[in-house]
Amino acid sequence: AQSVTQLGSHVSVSEGALVLLRCNYSSSVPPYLFWYVQYPNQGLQLLLKYTTGATLVKGINGFEAEFKKSETSFHLTKPSAHMSDAAEYFCAVSPNVNSGGSNYKLTFGKGTLLTVNP
Amino acid sequence: KAGVTQTPRYLIKTRGQQVTLSCSPISGHRSVSWYQQTPGQGLQFLFEYFSETQRNKGNFPGRFSGRQFSNSRSEMNVSTLELGDSALYLCASSFRDSPTYEQYFGPGTRLTVT
């Protein structure tokens, strides 16, 4: 079974500082990997995804993530935090269909609440 | 293009009652998934429908059920409500049944069971 661990349920940074949100996964084969953001009283919005190819993935709003197979990690970064980045961030995985997995569900981490201080 | 819509947005029910939540996917999307979000358990997969067929189901009791109509709209039903069913229920739609296609989430229905 797949699982996702997000280290740190709450991360606080100053405006303009580096944002680093950690995600590790457990899977017998490398899954597909996603980062979602959730603003208060809203649904989830996809920031970026990794399926195949280049391991450094760029997403919306200046975020990027790097897939590291040897570390089973997919950490999310942004060079300079903005007040509007304050939200909850979720890492998620889904089975890799090329490895025989079923693609019909996302398994989410517990989420990391990002606060940005002025 | 309109996003995923969910109705109602807020709902208050009493223990023992049943509830039906509705989800309208983005036009052209045929895959609809449902998730339950609670502070304690986080986001958990309920089930997924594609072309009116349930293709995968999460680890929830049989009180949770769903269906999808020919126009891809989906409903989920929870019978004999329990206090622990209080949660935000999120619906997501996707163009195709592939993980490489983005799942678009609706704003959710917040269910409170008293």
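Read-outs: derived from the displayed coordinates by stated rules, not from any lab. Please read all numbers here as calculations on a predicted model, not as lab measurements. Virtual Cβ from ideal backbone geometry, glycine too; neighbours counted across all protein chains shown.
So for the protein assembly as shown, taking the charge dipole from beta-carbon charges (+1 Lys/Arg, -1 Asp/Glu), which of A:S94, B:G16, B:Q36 sits furthest toward the positive end?
Farthest towards the positive end: B:G16.
Please give every one of the lysines within straight-line cross-link reach of A:K49, meaning a C-alpha to C-alpha distance under 23 Å, and leave out same-chain neighbours fewer than 8 residues apart.
Within the straight-line cut-off, A:K49 pairs with A:K58, A:K68, A:K69, A:K78, A:K105, A:K110, B:K1.
Taking beta carbons within 10 Å but only from partner chains, what does the mean come to for residues B:38-51?
Partner Cβ neighbours, averaged per residue: 3.
Let me know the charge dipole size of the protein assembly as shown about its Cα centre in debye, to the nearest 20, where only the beta-carbon of Lys, Arg (+1) and Asp, Glu (-1) is charged.
400 debye
To the nearest 20 debye, what charge dipole does region B:41-86 have about its Cα centre, counting +1 at the Cβ of each Lys and Arg and -1 at the Cβ of each Asp and Glu?
Using Cβ point charges on Lys, Arg, Asp and Glu, region B:41-86 gives about 120 debye.
Using only the alpha carbons of chain A, determine the length spanned along each of the three principal axes and report them from longest to shortest in whole angstroms.
If we take the Cα atoms of chain A, the spans are 47, 29, 22 Å.
Work out the length of the dipole vector of chain A about its Cα centre, built from +1 on the beta-carbon of each Lys and Arg and -1 on the beta-carbon of each Asp and Glu, and round it to the nearest 20 debye.
Charge dipole of chain A: 280 debye, to the nearest 20.
How big is chain B by the Kirkwood estimate over distinct Cα pairs, in Å?
14.0 Å
If you project the alpha carbons of region B:60-114 onto the principal axes, what extent comes out on each, in Å, largest first?
Rounded to whole Å, the extents work out to 38, 21, 19 Å.
What net charge is computed for the residues neighbouring B:S86, neighbours being all others with C-beta under 11 Å from the C-beta of B:S86, Lys and Arg scored +1, Asp and Glu -1?
Combined, the nearby Lys, Arg, Asp and Glu give +1.
Compute the relative contact order of chain B as a whole-number percentage, counting only Cα pairs closer than 8 Å that sit 6 or more residues apart in sequence.
This gives 36 percent for chain B.
Take each of the peptides B:31-37, B:104-110, average the number of other beta-carbon atoms within 10 Å over its residues, and list them starting from the highest.
The peptides rank, most packed first, as B:31-37, B:104-110.
Starting from the Cα gyration tensor of the protein assembly as shown, multiply each eigenvalue by 5, take the square root, and state the resulting semi-axes largest first in whole Å.
Sorted largest first and rounded, they come to 29, 21, 16 Å.
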